[in-house]
Amino acid sequence: MTEPSSMADRVPREVRTEITRLFEDAIGQHTFPGAVLHVAYAERVVFHEAFGHAKLYPEPEPMTRDAVFDLASLTKPLGAALATALLVDRGDLEWNGSLGELLDLPASTSSSMGRIQVRHLLEHTSGLPAFRAYYPRFRGREGLSNKERVREWILRESLAGPPGTRACYSDLGYMLLEGVIERIAGQELDGWLEQRLFRPLGLNDTGFRRNDRAADPPDRFVQTAYCAYRKRYLQGEVHDRNAFAMGGFSGHAGLFGSVRDVHVLLSLLYRCWSGEEGLALSPKRVRELFTGAGSVESNTFRMGFDTPSAQGSSAGTLFARNSVGHLGFTGTSFWMDLESGFSVILLTNRLLARPRNARIRGFRPRLHDLVWKSMRESGAFLQGPK
């Protein structure tokens, strides 16, 4: 990975000024208190800067480029989906493996539930609901031991239709997927990914934080939000309440990381997509992730990863339609153009803003279009990957 000590060495001053102005305006409008932006062309970093504040209470602290964020739903593509792909690569799991074959389903489980395949969970076509608030049932008893109980409740849910016939973005599907991964891998999701992917890649900032690790977070963890349910500010502790009830993480949320580590993962995936062999994942497996089954025509999601929608995409208007990305509720996102390897990673603490708002929905496409246009016109990444 090549990253100059000064981004000004690579990006023209007028481009930096325009990007900085956009962030300063967003912070002034309370879109988010702070953010880190990372722009790269394949492995070559062309812009990496921090803006605003990482923490507001009790005293403001400036954002740093190496800040560590609660990645929220980026856990789905960068955690659960990659863990699944590793198991498929090993021959231990198949995309079309069904829950009826992979899990010991209770006798009361519907036959439709048993027909849900791994690919349906990954691409949000299982028929499961988007969300259920399971966490209040465990108040004061949060822990890893609750995972199995939550999965039992999910298996009792009614499906919106036969698996593979309609799309509904579902946290519940990824909670079940975690159970599949644990069963096949023979260990919990956090340990599997740490041993098989994160540590071999040198991702020292990336991992899951169990509830018992969150009491004394290192200074680099960003303050995520004030949680009325827990009556405290969250820093180094998962924001998602269902993940909190399940011990700090599940397949849908709980991963923490920095922009540098997210970029390492995206670079790995792009190299695999481009056909490079001998990496942590095979080119075949990554291409399957990015192209998916496409069983529901209107669904933008592939296996773990989203693609730009035809209208109103958070990726803006300039990323190619086969680009891949994902958003996280805490204010995190990434988009990567598979034709060029161009990626934009945006990590913010937008839930800390007061009053809380959804202005980031308009900010993301403006940012992506500005970065694409300004970098292209300035020639900041026209030399090709290095």
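Rule-based calculations on the coordinates, nothing more; no lab input. The model shown is predicted, which means the values in this text are computed figures rather than measured ones. No Cβ is skipped: glycine too gets one built from the backbone with ideal geometry, and neighbour counts run over all protein chains shown.
At-a-glance table
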{"item": "GluC sites (Glu not before Pro) restricted to segment 251-332 and DSSP loop, no more than 16 other C-beta within 10 Å", "result": "E276, E277, E297"}
{"item": "Surface/4 of the Cα convex hull for segment 55-115, nm²", "result": "7.9"}
{"item": "Alpha-carbon centroid distance for the pair segment 154-207 / segment 97-112, whole angstrom", "result": "17"}
{"item": "Gaussian network model of the chain, springs between alpha carbon atoms under 10 Å - residue of L86, L122, L201 with greatest fluctuation", "result": "L201"}
{"item": "Sparse-neighbourhood loop sites, trypsin sites (Lys or Arg not before Pro) in segment 11-107 - DSSP loop, at most 12 other Cβ within 10 angstrom", "result": "R90"}
{"item": "Coordinate range along principal axes, alpha carbons of segment 80-239, Å, largest first", "result": "48, 37, 26"}
{"item": "Value of relative contact order over segment 21-115, rounded to a whole percent, pairs C-alpha under 8 Å and six or more apart", "result": "15"}
{"item": "Charge dipole (debye, nearest 20) of segment 19-160; +1 at Cβ of Lys and Arg, -1 at Cβ of Asp and Glu", "result": "500"}
{"item": "Long-range amide H partners of G97 with built H, under 5 Å", "result": "V118, R119"}
{"item": "Per-residue [θ]222 nm for the chain (sum of -39500 (n - 2.57) over DSSP H runs n ≥ 4, rounded to 500)", "result": "-8500 deg cm²/dmol"}
{"item": "Size of electric dipole in the chain: Cβ of Lys, Arg +1 and of Asp, Glu -1, about Cα centre, debye, nearest 20", "result": "840"}
{"item": "Measure of compaction for segment 94-186 (Cα Rg per 2.2 N^0.38 Å)", "result": "1.03"}
{"item": "Against the rule of thumb 2.2 N^0.38 Å, how large the Cα Rg of segment 166-264 comes out", "result": "1.12"}
{"item": "Positive-pole candidate from S170, P217, S158, dipole of segment 151-258, charges at beta carbon", "result": "S158"}
{"item": "Cα coordinate range in the chain, projected on the principal axes (Å, largest first)", "result": "65, 48, 38"}
{"item": "Fraction of alpha-carbon pairs over 18 Å apart in segment 262-386 - percent", "result": "57"}
{"item": "Helix axis angle, 13-28 relative to the chain longest principal axis, alpha carbon, degrees", "result": "60"}
{"item": "Sequence-distant residues sharing a close amide H with G248 (under 5 Å, placed H)", "result": "N211"}
{"item": "Amide H within-cut-off set for C227, under 5 Å, with H built and near neighbours excluded", "result": "R232, Y233, L234"}
{"item": "Within the chain, percent of DSSP bridges classed antiparallel, to nearest 5", "result": "95"}
{"item": "Cα principal axis extents for segment 216-299, largest first, Å", "result": "48, 33, 21"}
{"item": "Lysines with Cα under 29 Å of K284, excluding same-chain neighbours fewer than 8 positions away", "result": "K76, K386"}
{"item": "Karplus-derived HN-Hα couplings along segment 89-98 (A = 6.51, B = -1.76, C = 1.60, θ = phi - 60°), whole Hz, x at Gly and Pro", "result": "4, 6, x, 8, 8, 10, 4, 9, x, 9"}
